Structure formats: structure tokens, C-alpha cells
1. Is there a residue being in a helix (DSSP H, G or I), exposed (fewer than 12 other Cβ atoms within 10 Å of the Cβ) and at pLDDT below 95 anywhere in the stretch 60-67?
2. So, in the stretch 7-61, exactly how many residues are within 18 Å of Arg85 (Cα to Cα) and touching a Phe, Trp or Tyr at 6+ places or on another chain (Cβ under 6 Å)?
Amino acid sequence: MQTPSKPAASELELLRAAHSVLTTSPMTALARLNEHRADYPHGLLREEREVLTIEALLAAERPRQARSAAAAFNAAFPHSVHAARIERLFASRKNIAATHGNAEAVEALIHQPPE
């Protein structure tokens, strides 16, 4: 396993910065997560980074990319404790869409094969 080139505290701070703007500015969150990915490709918190990426993609109305990221996550981390959280993220999105009357469209997007 490769060790991160920067201190773990900095790794955590990037994830905290992404999380703090996740709902208000998902594109900014994605930028912080991409910065984390570049600085810590094999960091201690890479699973958390990928889950936050999926959440940010959903918040940014990019469900196909979120589904692709989820498929990559499941392939890379098949026994992750975060798997249930990822499923809840997609279920929550489906429930929100149903409330707004466009469940069929969102369902079709969520279940399309990853790009």
C-alpha cells in the first residue's frame, strides 16, 4: 500500500471541506474530492472519498455518473461497510423524485448501465 504524500490531517480536512458544501455546492464538493483523489490516490480515507463523490454526483443531478461511481466502488471495495449507505443514497433520491412526480424518469436514469 502506498503511503500518502501529505499528512493524514490534511487528507481529513479535504474531505471535511467537501462534506461541508455537499448540499449547497455539489460542484465545489466534487472539486475538493478530486483534489483529494489527486493528492491521496491510496489514502486512508479513500472509501469515504468515493462515497462522498457518489453523494455529490447525485446532488449535482448526475445520476448516471453516480451509478458508474457506485459500480466502481462496489468492484473496488466489495465488502465495504459503506455499501448500505450507497444504496440508501439511491433509494433516497428515488423517494424524493416520487414526491415530485418524476419517479419513472429518475428510476430509468438510476438503473441504466454505468457509462
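The values are calculated or read from the model by the stated rules, or taken from the named source; none is laboratory data. Since the structure is predicted, the reported quantities are computational estimates derived from the model, not experimental observations. Reconstructed Cβ throughout: ideal geometry from the backbone, glycine too, with neighbour counts over all protein chains shown.
1. no
2. 2
Conditions tested, residue by residue: (1) in contact with a Ser or Thr (Cβ under 6 Å, 6 or more places away or on another chain); (2) surrounded by 15 or more Cβ atoms within 10 Å (Cβ to Cβ); (3) among the aromatic types (Phe, Trp, Tyr); (4) modelled with pLDDT of 90 or more.
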| position | (1), (2), (3), (4) |
| --- | --- |
| Ala72 | no, no, no, yes |
| Glu87 | no, no, no, yes |
| His100 | no, no, no, no |
| Ile110 | no, yes, no, no |
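Residues are listed down the side, and each one gets a yes or a no for (1) at pLDDT below 95; (2) surrounded by 15 or more Cβ atoms within 10 Å (Cβ to Cβ); (3) outside any loop (DSSP other than H, G, I, E, B); (4) touching a Gly at 6+ places or on another chain (Cβ under 6 Å):
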| site | (1), (2), (3), (4) |
| --- | --- |
| Pro4 | yes, yes, no, yes |
| Leu12 | yes, yes, yes, no |
| Met27 | no, no, yes, no |
| Leu33 | no, yes, yes, no |
| Gly43 | yes, yes, no, no |
| Val51 | no, yes, yes, no |
